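Here's the structure we're looking at; comments come further down.
Throughout, read-outs are computed from the coordinates displayed, never taken from laboratory work. This structure is a prediction, so every number in the text was calculated from the model and none was measured. Backbone-built Cβ (ideal geometry, glycine too); neighbour counts: all protein chains shown.
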Amino acid sequence: MILTINNRTHEVDAPDDMPLLWVLRDLLDIKGPKFGCGIGSCGACTVLVDGDVTRSCQLAVADVYGPVTTIEGLPEGDTLHAVQAAWVKHDVPQCGYCQSGQIMAAVALLRDVPAPTDQDIDDAMSNLCRCGTYPKIKAAIKDVAGV
Amino acid sequence: MGRIAKYTRRGFLGLGAAAIGGLAVGYYYYKKPFPNPLEGMVGAGESTFNPYVIIGADNTITIYVPRAEMGQGIHTTLAALVAEELDVDFNEITVTQSPTAPAYYNEAQLREGAPFAPYDDGFLAESARNVFGAMGKFVALQSTGGSSATIDAYVKLRESGAAARLVLVQAAAARWGVGVDRLTTGGAMVHHPDGRSLTYGELAQDAAKLDAPSAPDLKPKSDWKLLGKSQKRVEILDKVTGGRIYGIDMQLPGMLYGTVVMSPRFGVGAVSADKAAALAVDGVTQVVDIETTTGKGFGIIATHTWAAFQGAQALAPVWEDAPYPPDSAGLMAMYDAALDAKASFTLGGNGDAAKALQSAPESDVFRAEYTVPYLAHSTMEPLNATAQFSDGQLTVWIGTQAPGVAQMRCADLLGIETDKVTVHTLRMGGGFGRRGEVDVPLYAAALAAKTGGKPIKVTWTREEDTRHDTYRPMAKGRFAAQLAPKQTHAALPRAIDVAVAAPSIVASLLTRTFPGIPAAGSDRSILDGAFGQPISWQDSRYSAHQVEAPVPVGFWRSVGNSVNGFFHETFMDEVAHQSGLSPISMRLRMLHDPRFLPANEIMTKVAEISRWREPLPDGVGQGFAMTLSFGTWVAEVVQVDMRDGPVKITNVWAVADPGQVLDPANFKTQIVSGIIYGLSAAMMQEITFANGQVQQGNFDDYDAMRMAQCPEIEVELLENAAKLGGAGEPGTPPAAAALGNAIFAASGQRLRDLPFGNTVDFY
Ligand code: FES
Ligand code: FES
């Protein structure tokens, strides 16, 4: 089957029910989306599918319905996406393992709600961070939004 | 904020020594030093001065950091120690993980394993710490844990930087024919008063031939340019771009993928397993038996991880019955029995608490019992390791807190010499104490032995990870205090008698890590956080009742302090209320020892920033707790709002005193992280047993705090403590007690058993 990932097309030979996460990581060597739980709970595997925030461990590769964006697709050349730049400015990551998922969720939130309230952030950012970077994530999102 | 240093992953890319190449000179301040492992790694034009620094002729300066980065910012802080004395800025250096070698042993971690309070500098305490420290060198534990990395490095790494700078200046002085005292450094160069300069790189080869001083003078604090200031994390760019830096991101040509299915009942194996069904899964190539000191079970080898996971499910093994009480209630009965039996040992204490409590009228005695459950570490990155066994050599790539131990045990498993095993330490998606265990590298090695020389990455499922942890022990505390006679107004309590039932973590660790070594002596972790706290009593006793429970237990962020911080600080809150005193003012009055000054200051400060004395609406409450752990004194106030019914944690104020703050922003971040970790456990986490196995498996039944539940957290730092304390763990111990005490203040409901979520609802 043919997948479009970060504006490039890839031909993959995978079982239909193989989750997109493992297709990305093990077959295409795209390591930004991380494995955390495999049950759609933690969000470490978050990517955008046709713009929709998607937990890629829960989407069978045969059901991928549009182009996929992973964190590798965010920067424009050498320039970080505004959300990534805010993450650097606020020194958000600790172990960093959840952060590709957090950043993808924040990118989608800020696209849909350019000036989110605390409640909007709480609702949209349900990804788990075991290091407890939530206060910094919130500050970085507000910084990008200018709120 | 400082500038960002370059950050390399030489080891990760598998380039290693050959690609770098060089020249070496020894500088050590230990009497019988271990060899400098960088000597074998230097390339043409490069010089090494000690196990931490290589300087190239082109003035590239590489700092090798011996501790593992798991999110605590240690690579940045340790690099800053060397850079400060070498007199170079962050943008003039490259930071990288050191190789695995005995030169990097962690003395501080074992020193604080000795059974004395951290403020105790008595002769006995010091000599015990020295004996434990020497043991660290003996077994050469290059480990990261016990919040000890910075303490271990504080003098060692600054001396390394200073000594390297001194020989560079001496080399310049010789070349120019001037005295060293006329020369200055800066910008990775040595400067002549007439304006000439030589780069460190131009001097490195000469300098490396000189004998470095063994105890060079260190800069006074007032001259620090990097230390004491907040730095950007050296690895930040990787962490916002999905960088392939973690063990789980390992990719090698021809690599296979695997997973493990280990017995969920400890110490037993399988009765049967459907290997044919596993092999029938598309992509599964082999099912192998595993038997090590850490468990029995199976490994699945496949062409990708998903196939391995499906194969694991198809295998559906039937396991032997557990040879121990199969459920949580049965295990708890062992604790009650231990508490009723004679104490295994006591630590600290003064006077005769037993007599004081016996002779006091029962109306003046307050008693309470507390429990905490087993807990899993639940690191964000599931456990994994990659291994390759070919030509009698094993290479392991793993995010580990103890590479030296992994090396030793993997060599034993495969029957090869230790020097035939290379361990590359990779970045970790969280450690919290779990990633020092040997099971992960052992299983990877066991599978690598079956692949005909191909590398294999072994990834555990989240369920496998949760059900085969080395748990924070379950524990039970039986506390009693003699209060002042009822008629005396606002008088202080007089005596405390503490009994804690818990297993020995050290004994559990030794059986799986060094099976030959008997676990002698007392495991202070049973009482850590209860004894040796900054509190004065007329009489006090702290008794450990060691439980021989079958569940593997290990180091979980803040270890025994996470247990006793909750017990002791909840009890003290109860004692204050029983005595008709405010918890903070009572504690301020119980500091009759000049060494307790830091406690006075953190309590005063936390009361101030939390506006502790101001009245709050009904249904809103504040709770206080304080624990001294890993040399850092921490006071916390939690505020909850229960006006809508469920408990909403709205605020946390924390004041921490580690003696010396090397990187304020990172230190605060660590305290915040420790608080969230502790609150998560207090709210909702418990590992329970049925049928001899753990019932929880994934984040649906073992979750942690999410964004919507996260309070506002404010941290202040003080520097009154006499000794340097740790950062990664001390934020955790007071969190649960402060939360429970806040719930009591808001509702009048006293919670003595964790997690609180079993009794009250959280927002
Ligand atoms: S791995 Fe997909 S949500 Fe956790
Ligand atoms: S930064 Fe470690 S899990 Fe989020």
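Can you list residues from other chains, or at least 5 along the same chain, whose modelled amide H is less than 5 Å from the amide H of B:Met262?
Sorted by chain and number, the residues that satisfy this are B:Phe298.
For region A:56-64, take each phi angle, set θ = phi - 60°, evaluate the Karplus expression 6.51 cos²θ - 1.76 cosθ + 1.60, and give the result in whole Hz per residue in order, putting x for glycine and proline.
6, 6, 9, 10, 5, 4, 5, 9, 5
Taking only complete DSSP H runs, can you tell me which helices of chain B stretch 27 Å or more along their own long axis by Cα positions and average at least -1.0 on the Kyte-Doolittle scale?
For chain B, where a helix must reach 27 Å along its axis and average at least -1.0, the hits are B:149-176, B:664-684.
What nm distance separates the two modelled labels at B:Phe514 and B:Thr688, each placed 7 Å from Cα along Cα→Cβ?
3.8
Looking at the protein assembly as shown only, what percent of DSSP beta bridges run antiparallel? Nearest 5 please.
Antiparallel: roughly 70 percent of the beta bridges in the protein assembly as shown.
Counting other beta carbons within 10 Å of each Cβ, put B:Ser540, B:Ser272, B:Ser214 in order, fewest first.
B:Ser272, B:Ser214, B:Ser540
Nearest 0.05, what FRET efficiency do B:Ile609 and B:Lys486 give at R0 = 51 Å with Cβ-Cβ as r?
Step by step, r from the Cβ atoms, then E = 0.90.
Which of rounded, prolate, oblate describes region A:2-71, given a ≥ b ≥ c as roots of the alpha-carbon gyration tensor eigenvalues and a/c under 1.5 marking rounded, otherwise prolate only if a/b is larger than b/c? All intermediate terms of the calculation are to be shown ahead of the outcome.
Numbers: a/c = 1.43, a/b = 1.25, b/c = 1.15.
Verdict is rounded for region A:2-71.
Which order do B:Ser160, B:Ser629, B:Ser344 fall in if you start with the one that has the fewest other Cβ atoms within 10 Å?
Values: B:Ser160 27, B:Ser629 31, B:Ser344 16.
With the sparsest Cβ surroundings first, the list reads B:Ser344, B:Ser160, B:Ser629.
Within region A:1-39, what residues put their amide N at less than 15 Å from the label point 7 Å along the Cα-to-Cβ vector of B:Asp700?
Under 15 Å, as judged by backbone N against the label point of B:Asp700, lie A:37-39 of region A:1-39.
Where a ≥ b ≥ c are the square roots of the eigenvalues of the C-alpha gyration tensor, would you call chain B rounded, which needs a/c under 1.5, or, failing that, prolate if a/b is larger than b/c, or oblate?
oblate
Using each residue's phi in region A:4-13, evaluate 6.51 cos²θ - 1.76 cosθ + 1.60 at θ = phi - 60° and report the 3J(HN,Hα) Karplus result to the nearest Hz, with x for Gly and Pro.
For region A:4-13, the Karplus-derived couplings read 9, 10, 6, 6, 10, 8, 10, 8, 10, 10 Hz, x marking Gly and Pro.
Could you go through region A:37-46 in sequence order and give the Karplus-derived ³J(HN,Hα) for each residue, using 6.51 cos²θ - 1.76 cosθ + 1.60 with θ = phi - 60°, rounded to whole Hz, and x for Gly and Pro?
Calculated HN-Hα couplings, in order: 9, x, 10, x, 9, 8, x, 5, 9, 4 Hz.
Would you mind checking A:Lys34/B:Lys450; B:Lys420/B:Lys668; B:Lys232/B:Lys605; B:Lys225/B:Lys723 for any pair whose Cα atoms are more than 30 angstrom apart?
B:Lys420/B:Lys668
Report, by chain and number, residues whose modeled amide H sits under 5 Å from the one on B:Trp319, excluding near sequence neighbours (fewer than 5 apart, same chain).
Here the answer is B:Val271, since their amide H atoms fall under 5 Å of that of B:Trp319.
So for A:Ile2, B:Ile151, B:Ile236, fewest C-beta neighbours within 10 Å to most, what's the order?
In increasing order of surrounding Cβ atoms, one gets A:Ile2, B:Ile236, B:Ile151.
Need the full-extension length gain, B:Asp274 to B:Asp181, defined as separation in residues times 0.36 nm minus the C-alpha distance. One decimal, nm. Kindly include the intermediate steps, with their values, before the conclusion.
Numbers: separation 93, 0.36 × 93 = 33.48 nm, distance 7.64 nm.
Contour length minus Cα-Cα distance gives 25.8 nm.
Can you figure out the FRET efficiency of A:Gln58 with A:Asp16, using R₀ = 22 Å and their beta-carbon distance, to the nearest 0.05?
0.90
Can you tell me the Rg and the Dmax, both Å, for the Cα atoms in the protein assembly as shown?
27.5, 84
For B:Lys486, which lysines qualify as cross-link partners when the Cα separation must be under 26 Å and same-chain residues fewer than eight apart are set aside?
B:Lys355
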